[in-house]
Amino acid sequence: MIATRVLPDTYRDSGTLMALASRLQELPGVTRAMSIMATPRNLELLHTMIALPPLECAASDLLVVVEGAEAAAAIARVDELLIRRVVAGGGATAQPRTLKSALALRPANLAVISVPGPFAAREARRALRRGMHVFLFSNGVSLDDERSLKREAAERDLLLMGPDCGTAIIDGIPVGFANRVRRGNIGIVGASGTGIQEISSLIQRMGGGVTHAIGTGSRDLSDAVGGTVTMQGIGLLADDEATEVIVIVSKPPSSAVADAVMRRAKATGKRVVHCFVGGTTTLEDAALEACGFPAAARPSGISHRLPIVGLFSGGTLASETRMLTGGEILDLGDDEFTRGRPHPMIDPTIRIERIRAVPPDATLLIDVVLGEGSHPDPAGALIDVLRVRGGKTVASVCGTELDPQNRDAQVAKLREAGVVVARSNAAAALGMEGELPRMAATQLARTSLPLFGGQLSVVNLGLTSFADNLESHGVPVTRVDWSPPSGGDEELARILDRLT
Amino acid sequence: MSWGERIDTANAEAVRRMLAAQPRWIDVLPAREAIPGMRERDVYHSGPPVTWERMSGAQRGAVLCAAAFEVWSDPATFNFSPNHHHGGVGPMAGVVSPSMPVFVLEDRASGLRAYAALEEPRMNFGAFDEAAVALRRYWRDELAPALGTAIRAKGGLDLVPLIARGLHRGDEMHNRPAAATSLMLLDIIPDLLRSVAQDVAIRTIEYIREDEIFFLSLSMGAAKLMADAARDVEHSTVVTAMARNGTDFGIRVSGLGDRWFTAPSPVAKGLYLSGFSAADAGADMGDSAITETAGLGGFVLQGAPAINEMLGSTAAEASAAASEMREITVAEHPSWTLPALDFRGAPLGIDIRKVVDTGILPIIDTAIAHREPGHPIIGAGLTRPPMDCFTSALRAFAAEVGV
C-alpha cells in the first residue's frame, strides 16, 4: 500500500528531506519512502517513480510518500522523525591528531612523549621547535638523534629529558614512572629511572623531601652524549633556591664525563651526593647521605642461602643487586624480555612465569616498584606464586606511603605471604636488617624551576596513563590521538624526515 | 637550503599562483567548440585514465547516454580520456562528448581557459533512459545557447567574489552551492531578459531556480583554473588534482608533472535516496574533488551546517573533520572566509607530506551513484581518498629529487 502525508507550508532543506526519507525507510514494513517539497517539477518526477493517488498540495508544502505493508504506521511517525536525532556523544569534538593542533587548543610547556622509538625523535624535535620542554620516555632513539636533539634543546635553552627517560619530578609533580614524595631541599639529576625512584622514595621515608628530579635519559653520561643534560640539570638545581643538596645518580659513566660532571656539581657550592651504580655508593647510601645520615655499615659477607636468583623489574635495581651479590640477576624490563609485551612494572605475567621456574632451594630476590605508572597492586599480583616459596624470597618495595598503591599495605601483603621485606634494594641484596633512620619531616615551601614558569602544562603523545596521572595532580593535559606517519612505514618516515 | 625549506618555498609559490588566478565564467559552448583538439568519437570522463573494460557501471551508463545523445554506436571503441587531460572537469561520471554543452571559464590573470561539464542528476550518475537523453537535448537546444548568449552579453562573471559571498550564506560549494546558484541567477537575469526570447529566458530561470546544485559546475571550473595555475612548480608537494572515475582515485602533484597517483576508489559513507542502500553504491566518482583541492567542499564544512544531516554527521563532527584540514594545507584563502570561524580563511593547498605525516586524509563531500549502469543519483555523503595515492606520490617525489 501507499500512504501519503502533506505538511502544508512546511519547508525543509533537501538534506533534511533525504534524512527523513532514509529514517522512514529503516522502519519495518516500508519498501520505499520519499520526502520532497511539492514543487511542480518534483511532483512530475515523483509520478514517474510511483503511482500516486490524487493529491492536493502546493509548492510550499512538504510531501511524504511511503510504500509498503506498514506504510500507514510509518507515515504516522513523520513528525517525530523530522526532529533531528541527537547522536549520543555526538557533541564531543575530536581529539587533536598532532602536537600542532593540540597547541592550538591550549598552550603547553612540556611534551610528554612515549610513542614508538623510530617516530619519537621527530615528535621531540617538533616540540622543541615550538618552544616546549620534552620528557622523552621512548627508547630506541638513535644516538645521532639523541645528540642532535640535545644540541637543539641546549641552543633553545630548553630541557630535553630522555630519550629512555622513565622518571622525573617537576615542581613536586611526578612525570612518567615516579613516586609521590613531599617537597624538600634535595634535588636529583638522574640517568636512571628506578635509581631516581629508589632514592626519592627512601628520602621520603626518612622524612626528607625533593625539590625536583630531572631525568636525563639512560645514555646521557656516555662518552657519545657527554652529559649535556646532566650538566644542564645541575645548573637548574644550582639556580633553584630551594635545592640545598644535589644528588646525581647514574649507571657507571665514562670517567672523563664523570669528572666533568663532578667538577660542574662542586662548582655550584651546594652539597653534592653522587651514586654511580656499580661503584662504592649504593642508592641507599646516597639517600642517607643526602638526608644527612651516615651510610649504614655493610656486612662482611652475604647471609643469603645460595644460589641467588634475582627477577627484577627495575633496571638500575637489578644492576645494583647484581653488583652487590654476584648472583644471577635478570632485569625483566630489558628489551630482550619486553619485545612485544608490556613492561613487568605494568604487567606481572612474565615475572610470575619466571618465579615458578626458580629452584625451590634458591634465594629469590625481587623488587616491587610502586608509584605513578606502575601496576595498581604489584604485591597482590605476586603473592600467590611467592607464598609457595615460604621464607626464601627477599623483596624490596620501592615506593612511599603516599603512592597510589601505598607502600605500607604492599609490604604487609608480602610479609603475610612469607616474603622477607628489606628496607631498601641494597639491604635486600646484602641481607641487611633494620629500618631506615628518620628525621622530623619538613614540608618546604613550593618553589619551581624557572624553566616551567611555575605552571606545568602538558601535551601527551603516547601512553594515556601518563596523561591520567598528570591530570590527577591537577596538571592540564592535552592528549594527542597520535598515529604513526603512514601507518608506521619507517621508510616513509625517513623520507618525510628528509623532506620536512 | 634544506629540502624542507626548498619545498616550503615551492609550496608557498604554488599557493600564491592559486590565489593569483581570477577565474571568470565567460561562455557556454558545445564541447567540440570549447575544447581544442576534440574529435568525433572522443569521449572525456572524470577521474584518472580508465579503459572501457575497467570502467565503473555508472560511468559506462553515462557513456551509453552519450552514445544515444550523439547517435553513435559501439561505445567500447570510443576514444576515452580524462577531462583533466584537456583542461576540464566534470561532475560524477563527467562524461563529455562533442555535442554536449560545457561551461567555458577563463583565468583573467593568465588568459588560460578551462571547461566544466554540466551538473544534473541523471546521465552524470549513469542513467541512459529517454529522460536522461532528453535532458541533454534540452541543454543543447535551449538552456546552453540561452546561458551562453546571456553571459556573453554580460561580458562574464567573476567567480572568486561570488564564491566568497556564497560561503557567507551557508554554502561549501561542492554538495551545497545553493546560495551561489541563487546569487548567480540574480546576476544574470537582466542579461537573460535582455538577450534571449522572453519564454526561453523564463524557462531558463525556472530551470536554474529548481536546481540548487546548478552552480557546482562553475565552482568546479573556478577550482580547476586555480589548481591549474599551481601546476608544475618545481619541488612543490601541493596537490593540483583529486579525481575519481568510480574505479580509481587519482591525485596529481604540482612538482610531479602530469603523473597520476592512483589507488582503488572507496565507497562514500552517507545517506541514500528512496529504495537504495549502501549495497547498491558504486565507488566514489567525479572530478568534483577539485573543489577540495582548492579549499572548498569538505574543507569548509563549518560554513555549511545545513548539509550535515545529508552527510550523516553532527555539526561537531563535521567541524572537527574540516578543522583537521588545516593540518594538511599550507595556507588560508584571504577572501574565502568562514564567519563561524571568526572569518578564518578556507584551508588551501594540500601538502602530500603533511597528509602522509599526520595520517589525516582530505575530507570530500560527494554524491553517490549506483554500481550498475542505468540509475539516477542514489545518495550523498562523505569520503576520503586512499592513503596509497599520497604515499606513492611521496615516494615518487623522493625518487625524483634523489632523497
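Choose one of A:Thr282, A:Gly462, A:Val189: the residue whose Cα lies farthest towards the positive end of the charge dipole of the protein assembly as shown (beta-carbon charges +1 Lys, Arg; -1 Asp, Glu; about the Cα centre).
Value: A:Thr282.
Rounded to a whole number of µm²/s, how large is the Stokes-Einstein D of region B:260-371 at 37 °C and 0.692 mPa s, given Rh as the Kirkwood radius over C-alpha pairs? Write out the running numbers ahead of the final one.
Values: Rh = 14.9 Å.
Rounded, D is 220 µm²/s.
Which percent of the Cα-Cα distances in chain A go past 30 Å? If you can, show how the numbers build up before the last one.
Numbers: 69241 of 124750 pairs.
I get 56 percent for the Cα pairs in chain A exceeding 30 Å.
Between region A:122-137 and region A:264-312, what's the alpha-carbon centroid distance in Å?
Going from one Cα centre to the other spans 34 Å.
In Å and whole numbers, how far do the C-alpha atoms of the protein assembly as shown stretch along each principal axis, longest first?
Extents along the principal axes: 113, 65, 50 Å.
How high is the relative contact order of region B:224-276? Use alpha-carbon pairs under 8 Å, at least six apart in sequence, and give a whole percent.
The normalised contact order for region B:224-276 reaches 28 percent.
Stokes-Einstein D for region A:198-321 at 37 °C, 0.692 mPa s, Kirkwood Rh over Cα pairs, in µm²/s? Provide the component values of the computation, followed by the final result.
On the way: Rh = 15.6 Å.
It diffuses with D of about 210 µm²/s by this estimate.
If Lys and Arg each add +1 and Asp and Glu each add -1, what is the summed charge of the other residues whose beta carbon sits under 14 Å from the beta carbon of B:Ala14?
Details: positive: B:Arg6, B:Arg16, B:Arg17, B:Arg231, B:Arg252, B:Arg353, B:Lys354; negative: B:Asp8, B:Glu13, B:Asp228, B:Asp232, B:Glu234, B:Asp351.
Net of charged neighbours comes to +1.
Whole Å is fine, so just give me how far the alpha carbon centre of region B:180-210 lies from that of region A:187-237.
The two parts, judged by their Cα centres, are 77 Å apart.
Could you work out the pair-distance distribution P(r) of region B:108-183 from its alpha-carbon pairs, with 5 angstrom bin width and percents rounded to whole numbers?
Each 5 Å bin holds this share of Cα pairs: 3, 12, 15, 19, 22, 18, 8, 2, 0.
From the convex hull of the Cα coordinates of region A:1-146, what is the mean projected area in square nanometres? Walk me through the numbers before you get to the answer.
Numbers: hull surface 58.4 nm².
Its Cα hull, projected and averaged over all orientations, spans 14.6 nm².
Computed from the mean reciprocal separation of all distinct C-alpha pairs, what Kirkwood hydrodynamic radius does region A:98-193 have, in Å? Before the final figure, lay out the partial values.
Working: mean 1/r = 0.0722 Å⁻¹.
Hydrodynamic radius (Kirkwood, Cα only) of region A:98-193 equals 13.9 Å.
In percent, how large is the relative contact order of region B:169-270, given Cα pairs closer than 8 Å and 6 or more residues apart? Don't skip to the answer; put the middle values down first.
Details: 121 pairs, mean separation 19.7, N = 102.
Once normalised by length, the contact order is 19 percent.
Calculate log10 I(q)/I(0) of region B:310-403 for q = 0.24, 0.25 Å⁻¹, where I(q) comes from the Debye formula with a single equal point scatterer on each Cα and nothing for solvent.
Normalising to I(0) and taking log10 leaves -1.21, -1.25.
Please report the net charge: other residues with Cβ closer than 12 Å to the Cβ of A:Glu198, K and R +1, D and E -1.
Values: positive: A:Arg205, A:Arg423; negative: A:Glu284, A:Asp285, A:Glu320, A:Asp367.
Charge balance in the 12 Å sphere: -2.
State the percent of C-alpha pairs, over all pairs in region A:113-157, separated by a distance greater than 13 angstrom.
Values: 463 of 990 pairs.
For region A:113-157, the fraction of Cα-Cα distances above 13 Å is 47 percent.
What are the extents of the Cα atoms of region A:235-291 along their three principal axes, listed from largest to smallest and rounded to whole Å?
The Cα atoms of region A:235-291 stretch 31, 26, 13 Å along their principal axes.
Place +1 on the Cβ of every Lys and Arg and -1 on the Cβ of every Asp and Glu in region B:297-346, take the dipole about the Cα centre, and give the residue among B:Ala321, B:Pro334, B:Leu311 whose Cα lies farthest towards its positive end.
Going by the Cα projections, it comes out as B:Pro334.
At R0 = 45 Å, how high is the FRET efficiency between B:Glu234 and A:Ser60 if r is their beta carbon distance? Nearest 0.05 is fine. Don't jump to the answer; show the numbers that get you there.
Working: r = 57 Å, r/R0 = 1.26.
So, using R0 = 45 Å, E works out to roughly 0.20.
Could you list B:Tyr272, B:Tyr115, A:Tyr11, B:Tyr138 so that the one with the fewest beta carbons within 10 Å of its beta carbon is first and the one with the most is last?
Taking fewest neighbouring Cβ atoms as first place, the list is A:Tyr11, B:Tyr138, B:Tyr272, B:Tyr115.
Which whole-number value in Å³ per residue fits the convex hull of the alpha carbons of region A:264-402?
Values: hull volume 21.3 nm³, N = 139.
Spelled out: Cα convex hull of region A:264-402, divided by residues, is 153 Å³.
For region A:213-264, take the alpha-carbon Rg, divide it by the Kirkwood Rh, and send me Rg/Rh.
Details: Rg = 10.7 Å, Rh = 11.2 Å.
Over the Cα atoms of region A:213-264, Rg/Rh equals 0.95.
Over chain B, what is the mean sequence separation of C-alpha contacts under 8 Å (at least six apart), divided by residue count, expressed as relative contact order in percent? Please report the intermediate quantities before stating the final value.
Values: 1016 pairs, mean separation 85.6, N = 403.
Normalised by residue count, the contact order of chain B is 21 percent.
Measure nothing but the geometry: give the 0 to 90° angle between the long axis through the Cα atoms of A:407-416 and the longest principal axis through the Cα atoms of chain A, rounded to 10°.
Helix A:407-416 sits roughly 70 degrees off the main axis of chain A.
What Kirkwood hydrodynamic radius do you get for region A:322-397 when you take the inverse of the mean 1/r over all pairs of distinct Cα atoms, in Å? It would help to have the intermediate numbers written out before the result.
Values: mean 1/r = 0.0757 Å⁻¹.
Result for region A:322-397, one decimal place: 13.2 Å.
With both partners inside region A:145-259, how many of the DSSP beta bridges are antiparallel, as a percent to the nearest 5? Display every interim value, and only then the final one.
Values: 5 of 14 bridges.
Counting DSSP beta bridges with both partners in region A:145-259, the antiparallel share is about 35 percent.
Among the lysines, which fall within straight-line cross-link reach of A:Lys392, defined as a Cα-Cα distance under 27 Å, with same-chain neighbours fewer than 8 residues apart omitted?
Hits, sequence-local ones excluded: A:Lys413.
What is the distance in Å between the Cα centres of region B:59-131 and region B:310-372?
A separation of 27 Å, based on Cα centres.
Could you compute Rg(Cα) / (2.2 N^0.38 Å) for region B:32-110, with N its residue count?
Taking N as the residue count of region B:32-110, the ratio is 1.07.
For a quick check: sort B:Trp139, B:Trp336 by the number of other beta carbons within 10 angstrom, fewest at the front.
Details: B:Trp139 20, B:Trp336 26.
Listing B:Trp139, B:Trp336 from fewest to most nearby Cβ atoms yields B:Trp139, B:Trp336.
Per residue, how big is the convex hull of region A:1-85 when only Cα atoms are used? Give it in Å³. Before the final figure, lay out the partial values.
Values: hull volume 7.1 nm³, N = 85.
It comes to 84 Å³ per residue, whole-number rounded.
Divide by every residue of chain B the summed helix terms, -39500 (n - 2.57) for each DSSP H run of at least 4, and state the resulting mean residue ellipticity at 222 nm, rounded to the nearest 500 deg cm²/dmol.
One gets -11000 deg cm²/dmol as the mean residue ellipticity at 222 nm.
Ratio of alpha-carbon Rg to the 2.2 N^0.38 Å globular estimate for region A:250-340, to two decimals, please.
Working: Rg = 15.8 Å, N = 91, 2.2 N^0.38 = 12.2 Å.
Normalised by 2.2 N^0.38 Å, the Cα Rg of region A:250-340 equals 1.30.
Find the eigenvalues of the gyration tensor of the Cα atoms of chain B, then list the square roots of 5 times those eigenvalues as equivalent ellipsoid semi-axes, largest first, in whole angstrom.
Numbers: eigenvalues 181, 114, 90 Å².
So the three semi-axes of chain B are 30, 24, 21 Å.
Once the dipole of region A:64-215 is set up with Lys and Arg at +1 and Asp and Glu at -1 on Cβ about the Cα centre, which of A:Ala69, A:Gly166, A:Pro116 lies farthest towards its positive end?
A:Gly166
Where does each of B:Lys154, A:Lys413, B:Lys224 land when they are ranked from fewest to most other beta-carbon atoms within 10 angstrom? Please list the in-between numbers first.
On the way: B:Lys154 17, A:Lys413 22, B:Lys224 31.
In order of increasing Cβ crowding within 10 Å: B:Lys154, A:Lys413, B:Lys224.
Considering all projection directions equally, how large on average is the shadow of the alpha-carbon convex hull of region A:368-500, in square nanometres? Can you show the working numbers first?
Details: hull surface 54.8 nm².
Quarter of the Cα hull surface area: 13.7 nm².
Which three extents, in whole angstrom, do the alpha-carbon atoms of region B:1-151 cover along their principal axes, largest first?
Sorted largest first, the three principal extents are 60, 40, 27 Å.
What's the longest bit of chain B with no exposed GluC sites (Glu not before Pro), using DSSP loop states and at most 16 other Cβ atoms within 10 Å as the test?
On the way: sites that count: B:Glu40, B:Glu53, B:Glu210, B:Glu234.
Counting only loop sites that pass the neighbour cut-off, the longest clear stretch is B:235-403.
D for region B:232-306, whole µm²/s, Stokes-Einstein with Kirkwood Rh over alpha-carbon pairs at 20 °C and 1.002 mPa s: what number? Before the final figure, lay out each step's value.
Working: Rh = 14.0 Å.
My calculation gives 153 µm²/s for D.
Every number here is computed from the coordinates shown, using simple stated rules; none is lab data. Since the structure is predicted, the reported quantities are computational estimates derived from the model, not experimental observations. Virtual Cβ from ideal backbone geometry, glycine too; neighbours counted across all protein chains shown.
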